[in-house]
Amino acid sequence: MAAPRIPGDWYNVGNDTPIEYRCGYCDVTVGTRAAYYVQQAPHVFRIRICPNCNRPTFFEVDAQTPGIAFGESVGNLPEQLAPIRK
Ligand SMILES: [Zn+2]
């Protein structure tokens with residue numbers, strides 16, 4: 001059951017490296033740059049805003065919260081993210 005879209009815009013959301021992920025709320029694979037993040041080398045913690053349902057997903061390096069309902073791998077991370085996956 002997909003969550004309904006949150007109306008409106010998030011305050012002061014930034015533009016981060018674009019990524020593609022499958023949203024745990026609406027179960028749609030989305031690509032977005034919209035993010036909040038903390039960079040504490042070598043780790044980066046990000047909150048991505050889904051362009052489909054407008055709900056936030058937290059990424060701790062590669063771990064996604066909320067995850068995907070049926071346990072499919074996130075996969076397809078662009079090469080730009082490779083340096084932070086050490
Ligand atoms: Zn979504």
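Values for this structure:
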read-out: Pairs with Cβ under 8 Å, 6+ apart, first in segment 2-18 and modelled with pLDDT under 95, second away from the ligand (no atom under 16 Å from the Cβ) and part of a loop (DSSP other than H, G, I, E, B); value: T17/P78; P18/P78
read-out: Count of residues meeting criterion [hydroxyl-bearing (S, T, Y), in a loop (DSSP other than H, G, I, E, B) and surrounded by fewer than 18 Cβ atoms within 10 Å (Cβ to Cβ)] in segment 1-54; value: 1
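The values are calculated or read from the model by the stated rules, or taken from the named source; none is laboratory data. None of the values given here were measured: they were computed from a predicted structure. Neighbour counts run over all protein chains shown; Cβ positions are idealised from the backbone, glycine included.
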